[in-house]
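The values are calculated or read from the model by the stated rules, or taken from the named source; none is laboratory data. All values derive from a computational prediction rather than experimental measurement. Every residue, glycine as well, gets a Cβ built from its backbone with ideal geometry; the counts of neighbours run over all protein chains shown.
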Amino acid sequence: MAAAQSAPTSSNLQAWSVIAVKDAERKARLASLTDGNEHIRAAPLFLVWLADLSRLRQIARQQGNDGEGLDFHESFLIGAIDAALAAQNAVVAIDSLGLGSCYIGGMRNRPEDVARELKLPPEAFAVFGLTVGYPDPSVKTDVKPRLPQSVVLFREQYGEVRSEELASYDDAMKAFQEKQNLPPKGRTSVIAKRIENEAALKGRSQLTAILRRLGFRLK
């Protein structure tokens, strides 16, 4: 938590919170809200990271205003970014202690159910989860290949992404997958499937309406 709180935060607003979950039954219920993710049940600790404007709203009212600036998309974006920066600082600390972790984006599949389970106040939203546990020493791991820098790093202005560079990434991923005894599917076809249509978003296409029901005004 010390590492997480040392992360950068926009205007020092610190627009995030985290809920540490250890109770086995609660972890199981949260796992069921994310399309499975059995490692939520298995991990001794599950951290749920929140974009949290509720505390800022309270501070504003204590200071004599309603915090109208929180009503805009910008403030929700600040909360989501702050949570991500804090969580990644925590991940670095977790790794340094010899532990392991895994982000769980499935927390956004059924956010209203998550909010009820965790008794979130209005204007607090579970951006993602993070399992924390002990790596299995019998499982050989390696660094997963990322896209070539040539397709993510541009100089001065946005540049061309060449199809042959994406093909080379697929080749690298297939080699990695074979090494990990996984089906050698590559990656670009998986990415395309993940964004193919509304159904592929697993309920997250309704996120704007859900956020408003959770108290975010989102002007």
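Okay, residues lined up against (1) surrounded by 13 or more Cβ atoms within 10 Å (Cβ to Cβ); (2) out of contact with any strand residue (DSSP E or B) (no Cβ under 7 Å at 6 or more places or on another chain):
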{"residue": "VAL132", "(1), (2)": "yes, no"}
{"residue": "LYS144", "(1), (2)": "no, yes"}
{"residue": "SER150", "(1), (2)": "yes, yes"}
{"residue": "GLN157", "(1), (2)": "no, yes"}
{"residue": "ARG162", "(1), (2)": "no, yes"}
{"residue": "ALA167", "(1), (2)": "no, yes"}
{"residue": "ASN181", "(1), (2)": "no, yes"}
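Of all residues in segment 194-210, none satisfies the criterion of being in contact (Cβ under 8 Å) with a residue 12 or more places away in the chain and in contact with a Ser or Thr (Cβ under 9 Å, 6 or more places away or on another chain).
Identify the residue in segment 202-219 that is among the small types (Gly, Ala, Ser) and in a helix (DSSP H, G or I) and, among all such residues, is surrounded by the most Cβ atoms within 10 Å (Cβ to Cβ).
Here the answer is SER205.
Every listed requirement among (1) closer than 30 Å to HIS73 by Cβ; (2) within 20 Å of the chain's Cα centre (by Cα) is met by VAL152 save one, (2).
Contact map, segment 52-71: residues that are at positive phi paired with residues that are part of a helix (DSSP H, G or I) and modelled with pLDDT of 95 or more, Cβ distance under 6 Å, separation 6+ or inter-chain. Pairs shown: GLY67/ARG57; GLY67/ALA60. Within segment 119-147, no residue that is assigned by TED's automatic domain parsing to the domain that holds SER168 sits with its Cβ atom under 8 Å from a residue that is surrounded by fewer than 19 Cβ atoms within 10 Å (Cβ to Cβ) and assigned to a strand (DSSP E or B) at 6+ positions apart or across chains.
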